[in-house]
Amino acid sequence: RSLFEHVLARVRPESDLFIFSNVAMDTLDYTSGKINRGSKAMLLGLGDAIRELPREFRGELTRDVKRAEVFCGGCLVVEGLPFAEDPQQAERLARQDVFAEWPLVVLHDDADVARTAADFLWATWTRFEPASDIYAADTTVRRHHLAYRAPIVIDARMKPSYPAELIVRPDIAELVDRRWREYFPGGEDWNERAGKKRTRLQPAVVGQ
């Protein structure tokens, strides 16, 4: 989280956010809807801090937003409607004044992902394709560069084309937790590192 805060305190979205569209690389096979076709994004945070990051959300949410949780300074996780019900919700959120002070807002199906870094990173970076799922309050063209105005909103909700989540059976999770040291005598305890027991796994590889 400290690294993320370092970047968010310094990023200038108008010059420091780059989205590379229509490239052969893709975040994961399924995020763009086509195999080995999609986009990449790069966010820079260089030099001295240019803003004091907000660490508490006090605004009034619209009816289509269930709740908001702070992941770290400058990053707000918002729980919205299912993508199938409202595909344009992230685009609208980017234009709402209530989020104007937040450099980054991430729209999720469940705001609980903000509670641990492991859940946030996994559930965010496996569920969006930059060219399709990143929005800004405003976008202009400067010297052939797309300049974005904060907040930047990432739509990390599950999309209809994504494979379903793999839910770990409680008895299997309990067995692995109990025998972890037996399986990996010199290994690190994952539950201690993550701070909680993981019960949801997103598949990293999808059958072709």
Stretched out fully, how many nm does the piece from Asp110 to Ala84 gain, at 0.36 nm a residue minus the Cα gap? 7.9 nm
Taking +1 at the Cβ of each Lys and Arg and -1 at the Cβ of each Asp and Glu, which of Ala156, Leu146, Phe184 sits farthest along the dipole of the chain towards its positive end, judged by Cα position relative to the Cα centre? Leu146
Cβ under 12 Å from Arg149's Cβ, Arg149 left aside: what net charge do those residues give with Lys, Arg +1 and Asp, Glu -1? +1
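Where the only charges are on Cβ atoms (+1 Lys, Arg; -1 Asp, Glu), what is the dipole of segment 100-175 about its Cα centre, to the nearest 20 debye? Can you show the working numbers first?
Numbers: 8 positive and 12 negative charges, 102 e Å.
Its charge dipole is roughly 480 debye.
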Between Ala173 and Arg143, 0.36 nm times their residue separation minus their Cα-Cα distance comes to what? 5.5 nm
Counting each DSSP H run of 4 or more residues in the chain as -39500 (n - 2.57), what helix-only mean residue ellipticity at 222 nm follows after dividing by all residues, to the nearest 500 deg cm²/dmol? -5500 deg cm²/dmol
In terms of Cα to Cα distance under 12 Å, which aspartates and glutamates are near enough to Lys159, apart from those fewer than 8 places away along the same chain? Glu85, Asp86, Asp109, Glu129, Asp133
With each label point set 7 Å from Cα along the Cα-Cβ vector, what nm distance links Arg1 and Glu60? 2.9 nm
Is the shape of segment 2-162 rounded, prolate or oblate, going by the alpha carbon gyration tensor and its root eigenvalues a ≥ b ≥ c, with a/c under 1.5 for rounded and a/b larger than b/c for prolate? rounded
Amide N of segment 31-51 lying under 16 Å from the label point, which is placed 7 angstrom from the Cα of Ala131 along Cα→Cβ: 31-42
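Just flag the trypsin sites (Lys or Arg not before Pro) in segment 108-156 sitting in loop per DSSP whose Cβ has no more than 15 other Cβ atoms within 10 Å.
On the way: sites: Arg115, Arg127, Arg142, Arg143, Arg149; in loops: Arg127, Arg143.
Those that pass, being in a loop and sparsely packed, are Arg143.
Where the only charges are on Cβ atoms (+1 Lys, Arg; -1 Asp, Glu), what is the dipole of the chain about its Cα centre, to the nearest 20 debye? Don't skip to the answer; put the middle values down first.
Working: 30 positive and 33 negative charges, 62 e Å.
Charge dipole of the chain: 300 debye, to the nearest 20.
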Tilt of helix 170-183 relative to the longest C-alpha principal axis of the chain, in degrees (0 to 90, nearest 10)? 80 degrees
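Computed from the coordinates by the stated procedures, all read-outs in this text should not be read as laboratory data. None of the values given here were measured: they were computed from a predicted structure. Positions of Cβ are backbone-derived with ideal geometry, glycine not excepted, and every protein chain shown enters the neighbour counts.
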